[in-house]
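S.K.: Sharing a structure with you now.
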Amino acid sequence: MQIGILYGISLGTGDPELITVKGLRLLQKASVVAFPAGLGGKPGIAEQIASPWLDANQQKLALHFPYVQDEAVLQQAWQEAAKRVWLHLKLGHDVAFVCEGDISFYSTFTYLAQTLVALHPEAVIERVPGVCSPMAAAAEVGMPLTVRSDRLVVLPALYTVQELEAILEWADVVVLMKVSSVYDRVWQVLQQRDLLDRSWVVERATFPDRVIYIDLRDRPSLKLSYFSLLVISVKQSLRSQ
């Protein structure tokens, strides 16, 4: 029996229509649709985004990925998820794993795919790219993310202010992911460098309840959700482009 294919399908950042034509085709033909399980028994974000495109006959497979830093706990979760996916693949069923954003951009799919191949080298995996949050945020505010030879830096998380200050010395555009927990400290750095009017925050880009903050000079403190990012135009104002 021929084994099924594991498809990593990018859904985009929130708007269900951001899925690609190819991604939609593969999603709808898959026997099984897998996604990270939500918290507290509620549907996860990827499941919510994909739901308008799913058929009642498709089997849903919620995989548990704990939000912890413990490597041993994470490895165990990836192994368990890979084993559950393999149960379907070895029967010849295609599995579409969906995730928000792009499947190669800080995505859980990477760990699932790597673990699956380590356990079963014969596994067949295909990846479908999509819209990731920095690009979605730029589209939301109607500004280019980069122009010409701009040097772009994306930080998945900021742990020290010194890290940001060093990058601001040479980068042209900086995107800070997961900025909610460090926003106050980042704001002070931007104030010192006179960059507040060249920075903006997008919260839950492309979701119906998205919030956009342009020009941060009067916003030293913001209560932001986890899905918030901050874009800094360091060397030039992108709004002039």
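S.K.: When the residues of the stretch 66-107 are narrowed to those that are closer than 12 Å to Ala34 by Cα and under 12 Å from the mean Cα position of the chain (by Cα), which ends up modelled with the highest pLDDT?
M.R.: So the residue we want is Val98.
S.K.: Checking Ile167 against (1) under 30 Å from Glu17 (Cα atoms); (2) touching a strand residue (DSSP E or B) at 6+ places or on another chain (Cβ under 7 Å); (3) surrounded by fewer than 20 Cβ atoms within 10 Å (Cβ to Cβ), which single condition isn't satisfied?
M.R.: Here Ile167 clears every test but (1).
S.K.: Let me ask something additional. Hey, Asp215 hits all of (1) among the acidic types (Asp, Glu); (2) out of contact with any Asp or Glu (no Cβ under 9 Å at 6 or more places or on another chain); (3) not assigned by TED's automatic domain parsing to the domain that holds Leu26 but one; which does it fall short on?
M.R.: (2)
S.K.: Applying the selection to the stretch 83-104, what residues are small (Gly, Ala, Ser) and farther than 23 Å from Pro156 by Cβ?
M.R.: First, pick out the residues of the stretch 83-104 that are small (Gly, Ala, Ser): 92, 96, 101, 104.
Matches in the stretch 83-104: Gly92, Ala96.
S.K.: Can you list residue pairs whose Cβ atoms sit under 6 Å apart, with the first residue in the stretch 6-18 being surrounded by fewer than 23 Cβ atoms within 10 Å (Cβ to Cβ) and the second being at pLDDT 95 or above and not in a loop (DSSP other than H, G, I, E, B)? Count only pairs 6 or more apart in sequence or on different chains.
M.R.: Pro16/Ile49; Pro16/Pro52; Leu18/Gly12
S.K.: So which residues in the stretch 205-221 are surrounded by fewer than 21 Cβ atoms within 10 Å (Cβ to Cβ) and under 24 Å from Asp15 (Cα atoms)?
M.R.: Phe207, Pro208, Asp209, Arg210, Val211, Ile212, Tyr213, Ile214
S.K.: A further question follows. Can you spot a residue in the stretch 21-44 that is out of contact with any Cys (no Cβ under 9 Å at 6 or more places or on another chain), of a type in the set (Val, Ile, Thr) and buried (at least 17 other Cβ atoms within 10 Å of the Cβ)?
M.R.: yes
S.K.: Please note which helices (runs of 4 or more DSSP H) are completely contained in the stretch 97-182 and include at least 1 residues that are within 26 Å of Gln75 (Cβ to Cβ) and in contact (Cβ under 8 Å) with a residue 60 or more places away in the chain.
M.R.: Ranges flagged: 108-119.
S.K.: On the given criteria, is Leu63 crowded, with 17+ Cβ neighbours inside 10 Å and under 15 Å from the mean Cα position of the chain (by Cα)?
M.R.: Numbers: crowded, with 17+ Cβ neighbours inside 10 Å: yes; under 15 Å from the mean Cα position of the chain (by Cα): no.
Considered against the rule, which asks whether it is crowded, with 17+ Cβ neighbours inside 10 Å and under 15 Å from the mean Cα position of the chain (by Cα), Leu63 comes out as no.
S.K.: Quick one: would you say Leu87 is surrounded by fewer than 23 Cβ atoms within 10 Å (Cβ to Cβ) and part of a helix (DSSP H, G or I)? Break it down into steps so the answer makes sense when it comes.
M.R.: On the way: surrounded by fewer than 23 Cβ atoms within 10 Å (Cβ to Cβ): yes; part of a helix (DSSP H, G or I): yes.
In short, yes.
The values are calculated or read from the model by the stated rules, or taken from the named source; none is laboratory data. Because the structure is predicted, anything quoted here is derived from the model rather than measured. Note: ideal-geometry Cβ built from the backbone for every residue, glycine included; neighbour counts use all protein chains shown.
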